[in-house]
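Read the structure below first, then the notes.
Each value in this text was obtained by applying a stated rule to the coordinates, not by laboratory testing. Since the structure is predicted, the reported quantities are computational estimates derived from the model, not experimental observations. Positions of Cβ are generated from backbone atoms using ideal geometry, with glycine treated the same way; all protein chains shown enter the neighbour counts.
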C-alpha cells in the first residue's frame, strides 16, 4: 500500500506540473502547481476510480509504472495494456481558467470507441 501511495504522490506531482506548465503558456499568467494538485486530487476523488467516458474501472495500480523500454519493445501491445491507465482532462471555463474535471483511461478501449461512435451518431441526428 505504501508503494501505491508513493506512486500516487509522484503521479499527482507530475500531472500537476505538466498541466500547470502547459496552461501558463496557453493563458500567459501564473498558475500554481499546488492549486492544480488539489484540482486533480478532487477530480480523482470525484471519479471514484471510474472512467468518465465509459464507466470502466480505471487501473490505478498502474500509475507511474510506464516503462519506455517495454513500450519500445512491445509497441502497440504495450500501449494497449495501459488503456485504462488513469489520466485527467480539463476544459476552459467561462472565466478563462481551466477546470480539471474528470479522470479517464489513457488509451481508447473498444468500449471508448463504441461510446464515441454512439455519441457521434446521436449528434448527427
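Quick notes on this one:
- One chain, two ends: residue 80 and residue 64. Fully extended at 0.36 nm per residue, the span grows by 4.2 nm beyond their Cα-Cα distance.
- Distance between modelled label sites at residue 17 and residue 72, nm, 7 Å Cα→Cβ extension: 2.2
- FRET efficiency for residue 10 and residue 55, using Cβ-Cβ distance with R0 set to 22 Å, rounded to 0.05: 0.25
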